[in-house]
Amino acid sequence: MALKTLSTTFLSPLSLSKSKFPQHLLTTKPGLILCEFSRSQKSRLPADESEGIGAAAPSPGEKFLERQQSYEAAKLILKENKKRKKKKDNAVKASRNVASCYGCGAPLHTSDAVAPGYVDPETYELKKKHHQLRTVLCRRCQLLSHGEMITAVGGHGGYPGGKLFVTAEELREKLSHLRHEKALIVKLVDIVDFNGSFLSRVRDLAGSNPIILVVTKVDLLPRDTDLNCVGDWVVEATMRKKLNVLSVHLTSSKSLVGVTGVISEIQKEKKGRDVYILGSANVGKSAFINALLKTMAINDPVAASAQRYKPIQSAVPGTTLGPIQINAFLGGGKLYDTPGVHLHHRQTAVVQSEDLPSLAPRSRLRGISFPRTPVSADNVEQVASIENGLNAFSVFWGGLVRIDLMKVLPETCLTFYGPKGLQIHMVPTEQADEFYQKELGVLLTPPSGGENVESWKGLESERKLQIKFEDVERPACDIAISGLGWFTVEPFGRSHKISQSKPVETTGELILVVRVPKPVEIFVRPPIPVGKAGAEWYQYVELTEKEEEMRPKWYF
């Protein structure tokens, strides 16, 4: 409790006559009187220089990192105290400068060999002796760099398999102070899982800080995709979310497409502030930082030296477990890699750790359409078998998605974009339940493996979609499955346009029932213009001058 400021003047007892001052107070031993200076007096005191002032003062990013390190150090000490049952007077104070693994940001320790941040005791002592703990890579990161799948995050948005050391809530809490910092936010979104990785509540983390939106993995889009159309589509989707975005960049960390534009925008907007890379788990933050440093290193010696100790990139969501400070800029401000935000509504949060690689596309997407065979008058048997098109059929996307087509046009076509490891099967709806129970873990994977199939809860979440269309020349919509990919609903498939000469319905309604595991989300959105056909049917929205000024610019 702060002491109240005393505005009265203190008089020495010697200045008063004995008759006016109590005798017993004059004979007591001298004591210490505490008081707080008034504002005028306080302002004349020398400034506290314990943390530096002016140019030597710590930046907001350094304070942010210090808070996280102090928090982690306190947790480790409390854990050790609980194990050894030490007395309070023997408790060790938390170090405010605890060293962290430069690959994942986890605090270094020598206690648990399988936990993130573990270092061999001999290596730890040697590096500590030579003040080189900042250059140490923990054992988990070494295994991840060699392709091991080691999950460490559980809880709401974490993973059901593997040994878990931190919860998704704790990782999110590490970002809670970010909204109070003055910083530049670089927010990453995966183009393959645009809706599922967007972080709709990003303002809860970023506060009022300006945002640069970076769309990653554009090299995975189908061949002949017009990025002009995709860029316009992304800006339209961003505007609907009502975020104050400075600019939008289409990038590829693998081919370095668009990375130079992001660097120019960061240098223009950071204005001495720290830069934080923010995004959902496995959106490609570490890969993007590596691409950023590689591009900057051509002309910047500071970025070149930072490449030596760069974050580890892995297919495991939740590789980064703590903020990682990177000295990447020559003219002030630092770059920070932050833990990914784990979202409970993505497919990656419901599958076991060994099935995670099957959900990550590794090569360029290719649309797989159903039905595959065009309907023609020469093919009488096939016409008879699918005379109603996809009506009364069910389509399985691995063991993770089931689509029942209740009411569609005979010419309706579904085109799937997602990981090649997930097989697609079509059966009559009346046989769908039996087929799923029989083939789960065999043809329908993931889940894979006996134990995983036994613990699988099934497709418990069901959503009925009524889709209206007004133009058969363009897709009606995309249905995106969070954490997986999307499929496009075309009322009149391209293959049918060639073979059919009779007039078709130009407007109407389609009814689908989509089933996914709980709590995976399903998004219905305007179709993304991919492939050569996307550039043909995509229509740019006409804008007024005022609307044009309000829209963020996009680059690639």
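The values are calculated or read from the model by the stated rules, or taken from the named source; none is laboratory data. Keep in mind the model is a prediction, meaning the values are calculated, not measured. Heads up, the Cβs are rebuilt from the backbone with ideal geometry, glycines too, and the neighbour counts pull from every protein chain shown. Accessible surface is based on the protein model in full, side chains and every heavy atom, while ligands, DNA and RNA are left aside. Shrake-Rupley method; radii C 1.70, N 1.55, O 1.52, S 1.80 Å.
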Practice prompt. For Leu188, state whether it is in contact with a Ser or Thr (Cβ under 9 Å, 6 or more places away or on another chain), assigned to a helix (DSSP H, G or I) and not assigned by the TED database to the domain that holds Trp456.
Written response: no
Worksheet item: closer than 29 Å to Ile368 by Cβ and not in a helix (DSSP H, G or I): does that describe Val214?
Response: yes
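Taking the options Leu221, Leu256, Leu246, name whichever one is farther than 22 Å from Met550 by Cα, of a type outside the set (D, E, K, R) and surrounded by 15 or more Cβ atoms within 10 Å (Cβ to Cβ).
Working: Leu256 fails: surrounded by 15 or more Cβ atoms within 10 Å (Cβ to Cβ); Leu246 fails: farther than 22 Å from Met550 by Cα.
The conditions single out Leu221.
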Practice prompt. Go through the stretch 141-193 and count every residue that is open to solvent by less than 10 Å² (accessible area, probe 1.4 Å), within 25 Å of Phe64 (Cα to Cα) and among the hydrophobic types (A, V, I, L, M, F, W, C).
Written response: 13
Response to the item:
Of the residues in the stretch 123-140 that are open to solvent by less than 80 Å² (accessible area, probe 1.4 Å), in a helix (DSSP H, G or I) and not β-branched (Val, Ile, Thr), the one that is nearest to Gly103 (Cα to Cα) is Arg140
Worksheet item: Filtering the stretch 194-204 down to residues that are open to solvent by 10 Å² or more (accessible area, probe 1.4 Å) and at pLDDT below 90, which residue is nearest to Leu246 (Cα to Cα)?
Response: Arg203
Worksheet entry | Near pairs, Cβ below 9 angstrom, 6+ apart or cross-chain, from the stretch 154-175 (farther than 15 Å from His344 by Cα and small (Gly, Ala, Ser)) to any residue that is open to solvent by less than 70 Å² (accessible area, probe 1.4 Å) and assigned to a loop (DSSP other than H, G, I, E, B) | Gly162/Met149; Gly162/Ile150; Gly162/Thr151; Gly162/Ala152; Gly162/Gln352
Worksheet item: So which residues in the stretch 505-533 are among the charged types (D, E, K, R) and assigned to a loop (DSSP other than H, G, I, E, B), if there are any at all?
Response: Glu505, Lys518, Glu521
